[in-house]
1. From the set of residues in the stretch 23-52 that are among the aliphatic types (A, V, I, L, M) and more than 12 Å from residue 67 (Cβ to Cβ), which is surrounded by the most Cβ atoms within 10 Å (Cβ to Cβ)?
2. What pairs can you find where one residue is in the stretch 13-27 and closer than 19 Å to residue 72 by Cα, the other is among the hydroxyl-bearing types (Ser, Thr, Tyr) and at pLDDT below 95, and their Cβ atoms are less than 7 Å apart, with a gap of 6+ or different chains?
3. What's the number of the only condition in (1) within 17 Å of residue 2 (Cβ to Cβ); (2) surrounded by 14 or more Cβ atoms within 10 Å (Cβ to Cβ) that residue 74 fails to meet?
4. Between a residue in the stretch 68-94 that is among the hydroxyl-bearing types (Ser, Thr, Tyr) and any residue that is assigned to a strand (DSSP E or B), which pairs come within a Cβ distance under 9 Å, given they are 6 or more apart or on different chains?
5. If a residue must be over 21 Å from residue 45 (Cα atoms) and either within 9 Å of the chain's Cα centre (by Cα) or in a loop (DSSP other than H, G, I, E, B) (or both), how many such residues does the stretch 65-93 contain?
6. Please work out which residue is nearest to residue 91 (Cα to Cα), limiting yourself to the stretch 1-60 and to residues that are in a loop (DSSP other than H, G, I, E, B) and among the hydroxyl-bearing types (Ser, Thr, Tyr).
7. Show the residue pairs meeting these rules: Cβ distance below 9 Å; 6+ apart or different chains; first residue within the stretch 38-62 and closer than 22 Å to residue 7 by Cβ and without any contact (Cβ under 8 Å) to a residue 40 or more places away in the chain; second residue in a loop (DSSP other than H, G, I, E, B) and among the β-branched types (Val, Ile, Thr).
8. In the stretch 53-71, how many are surrounded by 12 or more Cβ atoms within 10 Å (Cβ to Cβ), touching a Gly at 6+ places or on another chain (Cβ under 9 Å) and of a type in the set (S, T, N, Q)?
Amino acid sequence: MLKRQTVKGSDQVKVTFSIPHDPSQGKVSVVGDFNDWQEGVTTMVKRSNDTRSASVVLDPGRYQFRYCTDSGEWFNDEAADAYEPNDVGGENCIIEI
């Protein structure tokens, strides 16, 4: 799930990425062009409603992202605005702000 919230007094948007919590995945990070595809920078936190989430503040634009587990499994968000092919034979999620 992707939640967007306008940052008061700014044109920036706080984006919250949320997925169901699956303990077998270990740590999960949101990685994308907004954090230079660096794993572990935007780590998702387990919530009391049995989900994981992480938030970032973004300028208006179009961003690619995916989720990555600490064991190296990559997966997409079903709620992404769109998908496009990546350089490793898969697809990246797209969010537009």
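1. 41
2. Note: pairs meeting the criteria are 26/71.
3. Checking residue 74 against (1) within 17 Å of residue 2 (Cβ to Cβ); (2) surrounded by 14 or more Cβ atoms within 10 Å (Cβ to Cβ), the one that fails is (1).
4. Taking only residues 6 or more apart or on different chains, the pairs are 69/28; 69/29; 69/75; 83/91; 83/92; 83/93; 83/94.
5. Count: 6.
6. So the residue we want is 42.
7. Once the first residue is closer than 22 Å to residue 7 by Cβ and without any contact (Cβ under 8 Å) to a residue 40 or more places away in the chain and sits in the stretch 38-62, its partners that are in a loop (DSSP other than H, G, I, E, B) and among the β-branched types (Val, Ile, Thr) give 54/42; 61/97; 62/97.
8. 2
The values are calculated or read from the model by the stated rules, or taken from the named source; none is laboratory data. Being a predicted model, the structure only gives us computed values, none of them experimental. All Cβ positions, glycine included, derive from the backbone under ideal geometry; neighbour counts span all protein chains shown.
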